[in-house]
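What follows is a set of notes on a single structure, which appears directly below.
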Amino acid sequence: MNRRRFLAGASTCAAVGLPALVRAVETFRLGLTPVFLDNDATVIERLRSAFSEAMGEPVDLIQRRTYQEITATILDRSVDAAWICGYPFLQHRDSLALLGVPVWRGRPLYQSYLIVGADDTASELEDLRGDVHAFSDPDSNSGYLVTASDLARLGETPDRFFSRSLFTYGHRNVVRAVAGGLTRSGSVDGYVWETLASVEPSLTARTRIVTKSEWLGFPPFAARADRASDPSVRRFGAALRSLDSSPAGRDALQLLFLDRIQEGDMTLFDGIAERMAELSGR
C-alpha cells in the first residue's frame, strides 16, 4: 500500500429508485486542499468510504489548489464542510463553525518547522537573511503565518528579509524545494515533515530542522456557522468524531497518521490568533 501521497480530490454520486419515482440521494460535499501531501487514490477512497459508511449517504471529496479557494467554497455553499487551516478559520471566525480537530500523536496540536538543507549551517531565522525561502500557502499557519509573524517581531517582512520568496502550494513541495536546493529554507507543517520522515526518509534526510514553533491548533474541519445545525452537517460532525470507532474509519486515520478526530474548542487556536495580531501590528 502506497502511503507516500496524501489528500487531493475525488467524487461520487448515487441515486435511489422509489416506486413510480426516482429521487436523487443528497451527496455531502467535503472540501480538501492538497497542502498535506500529494494525491493518493487509496487514501481518498478509504476516507470517502469511511465517511459514507458512517453517515449512511454518499460523500464527495472536492479538492481545490489553495486555502483561499477552499475557504471560498464553504462560504459560497459549494461544499458543506471542509478540512482547512487554523489561519483562514480564524480569518472567517464569525462565518465558520468548528466541527472537529484531528488528534496527532495524542494531541490536537502541531508545529511549524523552519527547515534548511541538511548541510546548511544556519541556527536561527536571522541566519537566513538575504536568501531564497519557500512558503506553502499565503493562508497557511505553519507554511506562512508563523515565519511571517516571527519576522514581524524583528521589524521585518518576508519581502524585505528574503531576497526572494515563493509559494509551493503544498508542504511536501516546500520540503522538495529545500532538499533540491531550489530555495535555501522553507516553512513547513511539522506533521507533514514528520510523516514524510516515516514514509519518504530519503527526502527529509536532505533537510534539517532549524527551529520549531510553539504547539498550535491542528488544521480543523469547519462548516458555515449558519449551517451548523443542518441535519447533514450534524451527521457529518458525528461521523467525523467517531471515525476511530469503525474499522473503515480507523483504516483511513491510520493512512493519515492520525489518532482520531475530537470535538475541540476555540481555545486551541489562541496561539494562531496571537500571531495574526502580531502580523497585523495590533
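Among the residues of the range 175-182, are any surrounded by fewer than 16 Cβ atoms within 10 Å (Cβ to Cβ) and in contact (Cβ under 8 Å) with a residue 40 or more places away in the chain? Please lay out each step first, then the result.
Just the residues of the range 175-182 that are surrounded by fewer than 16 Cβ atoms within 10 Å (Cβ to Cβ), to begin with: 180-182.
Of the ones still in play, those that are also in contact (Cβ under 8 Å) with a residue 40 or more places away in the chain are 181-182.
Within the range 175-182, one or more residues are surrounded by fewer than 16 Cβ atoms within 10 Å (Cβ to Cβ) and in contact (Cβ under 8 Å) with a residue 40 or more places away in the chain.
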Search the range 113-143 for residues being part of a helix (DSSP H, G or I) and crowded, with 17+ Cβ neighbours inside 10 Å, and hand back the single one that is farthest from the chain's Cα centre (by Cα). LEU128
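Somewhere in the range 229-252, is a residue at positive phi and assigned by TED's automatic domain parsing to the domain that holds GLN91?
Residues of the range 229-252 at positive phi: none.
Checked against the condition, which is being at positive phi and assigned by TED's automatic domain parsing to the domain that holds GLN91, the range 229-252 yields no hits at all.
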Only one residue in VAL101, VAL59 is under 14 Å from the mean Cα position of the chain (by Cα) and buried (at least 16 other Cβ atoms within 10 Å of the Cβ), so which one is that? VAL101
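Does GLY249 fit the bill of being out of contact with any Asp or Glu (no Cβ under 6 Å at 6 or more places or on another chain), assigned to a loop (DSSP other than H, G, I, E, B) and either in contact (Cβ under 8 Å) with a residue 24 or more places away in the chain or surrounded by fewer than 20 Cβ atoms within 10 Å (Cβ to Cβ) (or both)? Spell out how you get there, then give the answer.
Values: out of contact with any Asp or Glu (no Cβ under 6 Å at 6 or more places or on another chain): yes; assigned to a loop (DSSP other than H, G, I, E, B): no; either in contact (Cβ under 8 Å) with a residue 24 or more places away in the chain or surrounded by fewer than 20 Cβ atoms within 10 Å (Cβ to Cβ) (or both): yes.
No: the conditions fail for GLY249.
List the helices (runs of 4 or more DSSP H) that sit entirely inside the range 31-111 and contain at least 3 residues that are charged (D, E, K, R).
Correct list: 41-55.
If a residue has to be of a type in the set (Ser, Thr, Tyr), touching a helix residue (DSSP H, G or I) at 6+ places or on another chain (Cβ under 7 Å) and part of a loop (DSSP other than H, G, I, E, B) to count, how many in the range 211-237 make the cut? If you could, list the steps in order and put the result at the bottom.
Filtering the range 211-237 down to residues of a type in the set (Ser, Thr, Tyr) leaves 211, 213, 229, 232.
Those left that are additionally touching a helix residue (DSSP H, G or I) at 6+ places or on another chain (Cβ under 7 Å): 211, 213.
From what is left, the residues that are part of a loop (DSSP other than H, G, I, E, B) are 213.
So the answer is 1.
The values are calculated or read from the model by the stated rules, or taken from the named source; none is laboratory data. A quick note: this is a predicted structure, and the numbers were derived from the prediction, not measured. A quick note on method: Cβ atoms are made from the backbone with ideal geometry, for glycine too, and the neighbour counts reach across all protein chains shown.
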